[in-house]
Each structure stands twice: as structure tokens, then as C-alpha cells.
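The next block holds one structure in the form of C-alpha cells; read it before the comments.
The values are calculated or read from the model by the stated rules, or taken from the named source; none is laboratory data. Predicted model only: the values in this text are computed from it and were never measured. No Cβ is skipped: glycine too gets one built from the backbone with ideal geometry, and neighbour counts run over all protein chains shown. Just the protein is used for accessible areas: all its heavy atoms, side chains included, with ligands, DNA and RNA removed. Shrake-Rupley method; radii C 1.70, N 1.55, O 1.52, S 1.80 Å.
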Amino acid sequence: MAAAATCGTGTGSSGSVVAAASKNNVTSFQRRGPRVSGTDSGCSRLLSIAGTRPSVRNGQLLVSTGLPALDQLLGGGLAVGTVLLIEEDKYNIYSPLLFKYFLAEGIISGHTLLVASAKEDPADILQELPAPLLDDNCKKDFDEDVCNHETTESNIKMKIAWRYQLLPKMEAGPVSSSRFGHYYDVSKRIPQELIEASKWHGFFLPEKISSTLNVEACSLTHGYLKLLQFIQNIIYEEGFDGSNPQKKQKNILRIGIQSLGSPLWGDDICCTENSDNSHSLTKFLFVLRGLLRASLSACMITMPTHLIQNKAIIARVRNLSDIVVGLESFIGSEKETNPLYKDFHGLIHIRQIPRLNNLICDVSDVKDLAFKLKRKLFTIERLHLPPDLSDTVSRSSKQDLAESAKLLDPGCGMMAGGKKHLDF
């Protein structure tokens with residue numbers, strides 16, 4: 001009768017279908033399996049969290065990094081319970097933008113924020129977040145910013161062979177119908193009303209450490225220990241771990257840690273190669289990842305890895321992070337004057353992509369990525385198209401390839417006959 005009450009609204013033949021289905025305790029509109037008490041199952045509750053979506057690969061809950069192009073590179077977004085490590089560029093110009101995108105996306109999605117820094121007051125960081133491009137003015141502002149780029153691109157399309165146009169392109173424009181991920185205008189600041197309506201927690205290291213404090217002997221530096229305790233209290237008290245159910249609808253905790261590992265955190269790994277606290281940072285990441293795995297939270301950490309003297313520490317830090325993204329700025333380098341990079345401001349390296357519940361990590365297939373900061377947008381694009389040597393080599397080079405093919409071992413197959421050039 002319960003099954004008939006839920007689905008039996010028709011008459012005639014449809015009523016016989018419901019009656020027949022009620023005998024087996026299932027209906028034609030329900031999946032076979034054990035019935036769940038209540039209105040929603042645990043899975044549907046996760047899917048109903050604002051600003052999240054399930055992964056198409058493994059069903060893992062994802063949140064947006066605030067940069068849709070980066071979400072696309074990471075397999076759809078940042079998985080809940082993982083750590084995203086951003087390796088800062090040399091002069092720390094572009095990495096704060098990714099940090100602010102991550103926090104701004106949390107405010108727009110209604111997530112709880114936890115901002116930790118040893119350099120800037122978290123309240124000041126929130127005031128500098130970029131303004132979102134909402135549905136009304138999103139397309140207008142975006143078109144205004146990239147109109148010049150589109151005109152040059154239309155001319156290039158006439159020169160590119162048809163096979164190159166079939167290659168996948170990076171997502172660069174706003175999609176007004178999508179509720180996952182937003183675009184932001186870096187030339188404007190987020191409205192004060194959105195900051196006041198959001199829920200956030202700040203950890204400013206100089207305020208947490210007093211000069212008269214007696215530091216106990218511990219394997220972690222005092223700044224790392226205080227931060228871990230602060231994160232743990234927020235997760236447990238507000239029920240992000242599930243032990244203390246949240247009063248309202250379930251939510252996501254976004255944790256942002258700025259310039260972790262710098263001397264401002266009391267760590268000396270950036271000063272000397274043989275540091276006395278060489279394992280302090282790795283132990284912090286190990287404990288932090290354990291807290292994230294058991295809670296509805298996601299973390300972004302920026303770290304000046306170019307300042308760390310010991311390369312072994314960098315390798316351990318990358319292994320303890322789920323996702324590693326490195327930024328390489330052209331400022332002060334030879335690439336700044338290279339004509340190949342004239343339209344870009346730096347390179348972005350996807351060093352590690354998570355493969356959850358596995359012993360090895362995924363590796364990104366896209367290697368030639370570059371970024372540029374426009375007047376309003378931070379974009380990630382392919383650096384160049386892959387060459388096709390079969391049509392671009394000259395006749396003389398084809399003859400050289402054919403001659404070299406004669407010297408190959410017959411085990412190479414048909415290419416060793418010398419009548420065809422090598423096709424890479």
C-alpha cells in the first residue's frame with residue numbers, strides 16, 4: 001500500500017501496474033534495493049549541497065576552485081577531502097589570484113571559509129576578493145574583455161588546418177546556465193554585503209602567538225600546532241566531520257592557507273638546507289590530510305617552494321598533497337623576451353592529479369599550458385598546437401628521414417624499408 005500511495009496516481013491500466021509492483025514491494029519508478037527511511041538518502045543529501053557536484057569518474061563530491069579552466073584540468077573540480085597545493089611564482093604575483101578565486105567561490109556558493117595567514121589579516125584578504133560576474137552582466141563583461149582576442153583568433157582560424165580545429169579547447173568563457181563554478185572580475189572588489197552574509201573564520205598567526213608563551217617540546221613548530229588545533233576545533237564543533245550533525249543543511253568548509261612554509265610561520269626550511277625542523281611541515285600536512293579525509297572540507301595551500309633549499313622536502317610535500325599546481329612567471333626570466341611567449345604572462349604546470357583510493361596518482365595529459373592576466377580575467381590556454389610533421393617537413397628533410405630509415409633494424413617493421421619517412 002505504501003508503494004501504491006507514492007506512485008499510484010493513474011487509473012485503468014496504470015493502476016494495475018502499480019498494484020502488480022506493490023506485491024514485490026517496488027514500483028516501476030523506484031530502483032530495486034533496500035528502502036531508505038526518511039525523505040532523502042545519504043547520497044542525495046551530499047548532492048544537494050550548494051556549490052558541489054559529483055564526479056563523472058568515480059562519484060566523488062567536487063567543489064569548484066573558482067577558476068573553471070582549472071576545474072577542467074583537474075577532472076571536473078577539487079574533490080572534497082583533498083589538498084590542493086599551489087606552488088607560488090617567484091615574485092608571488094599570480095598565486096594570490098588563485099587563492100582569492102578559491103575563497104570568492106566559497107562566498108558565492110554559501111560555503112564556510114577558514115582563512116589562515118601569517119602575513120595578512122584574513123579580514124583584509126576577504127576585502128580584496130574579486131567581484132563575481134553574475135548572469136546579468138557576465139556575458140557582457142566577458143565579451144568586452146576578450147573582443148580584441150576574438151578578432152585575432154578569427155583570422156587565425158582561416159590559417160589553421162581543419163584537423164587542428166578538432167582538438168579540445170580550454171574553457172575560457174562564462175556559461176550562464178552552469179551553477180558549478182563562477183567567473184570573477186579582478187578589476188572590481190566583491191560587494192560588502194556578500195562578505196557580511198557569509199560565515200568565515202580567520203587565523204592570523206601573530207594574534208595567536210604571544211611573546212610570553214611557554215612553548216612545549218613538540219615535533220611541530222608552534223605556528224603549525226596552533227593552526228591544526230584551530231582547524232580541528234572548527235571541524236568538530238560545527239559538525240563538518242559528521243559526529244556532531246549540523247543544525248542546518250550540510251555545508252562545505254573551505255580552508256585556505258597562505259604562504260605555508262615561509263619564515264613567517266616559524267619554519268626555517270627556506271633559510272637553510274639542513275633545517276632542524278625539516279619534518280615539521282610534512283607532519284603538518286600528514287595530520288591535515290587526515291582531518292580533511294574525515295570531513296566535508298577542501299583545502300588550498302600556497303607555498304613558496306622555490307625558496308625551499310632542500311629538494312627532498314619539496315618531494316615529500318608534493319607526495320603529501322593530492323593536487324599540485326605550479327606557477328612559473330616570465331617576469332625576470334629569458335622567456336619574457338621570447339617571441340613564443342609574447343601573449344602570455346607565465347606557464348602553469350599540473351604536476352599531480354589525485355587518483356583517490358589508489359596507490360599512484362594521475363598525470364595530466366596536457367603539458368603545454370600558459371596563463372595570462374587580462375584587464376578583468378585570469379585565463380589558462382594552450383600554449384601552442386601540436387605540430388604535424390607529415391605535411392610540414394620539406395622534401396630534403398623527407399629524403400634525409402628516408403635515408404636514416406634504411407639504417408634502422410628490420411624489427412622496426414614497414415618503416416625500415418626506406419620508402420617512407422618516419423611519422424611521429
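Is one or more of the residues making up segment 272-284 over 18 Å from the mean Cα position of the chain (by Cα), among the aliphatic types (A, V, I, L, M), open to solvent by 10 Å² or more (accessible area, probe 1.4 Å) and over 18 Å from PHE102 (Cα atoms)?
Looking for residues that are over 18 Å from the mean Cα position of the chain (by Cα), among the aliphatic types (A, V, I, L, M), open to solvent by 10 Å² or more (accessible area, probe 1.4 Å) and over 18 Å from PHE102 (Cα atoms), one finds none in segment 272-284, hence no.
Name the one entry in LEU97, LEU85 that is outside any strand (DSSP E or B), modelled with pLDDT of 90 or more and aliphatic (A, V, I, L, M). So that I can check it myself, show each step before the final result.
Values: LEU85 fails: outside any strand (DSSP E or B).
On inspection, the qualifying residue turns out to be LEU97.
With LEU373, LEU296, LEU377 as the choices, which residue is at pLDDT below 95, surrounded by fewer than 20 Cβ atoms within 10 Å (Cβ to Cβ) and of a type in the set (A, V, I, L, M)?
Values: LEU296 fails: surrounded by fewer than 20 Cβ atoms within 10 Å (Cβ to Cβ); LEU377 fails: surrounded by fewer than 20 Cβ atoms within 10 Å (Cβ to Cβ).
Being at pLDDT below 95, surrounded by fewer than 20 Cβ atoms within 10 Å (Cβ to Cβ) and of a type in the set (A, V, I, L, M) holds for just one of LEU373, LEU296, LEU377, which is LEU373.
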Farther than 27 Å from PRO263 by Cα, open to solvent by 10 Å² or more (accessible area, probe 1.4 Å), touching an Asp or Glu at 6+ places or on another chain (Cβ under 9 Å) and touching a residue at least 40 places away in the same chain (Cβ under 8 Å), is that true of LEU133?
yes
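Here are some residues: ARG351, ARG289. Which one is within 17 Å of ALA116 (Cβ to Cβ) and either basic (Lys, Arg) or out of contact with any helix residue (DSSP H, G or I) (no Cβ under 9 Å at 6 or more places or on another chain) (or both)?
Numbers: ARG351 fails: within 17 Å of ALA116 (Cβ to Cβ).
Unique residue meeting the criteria: ARG289.
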Scan segment 345-364 and give yes if some residue there is on the phi > 0 side of the Ramachandran plot and at pLDDT below 80, otherwise no.
yes
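Does ILE108 satisfy the condition of being within 14 Å of ILE252 (Cα to Cα) and among the β-branched types (Val, Ile, Thr)? Quick ask: steps written out before the conclusion?
Working: within 14 Å of ILE252 (Cα to Cα): yes; among the β-branched types (Val, Ile, Thr): yes.
Yes, satisfied.
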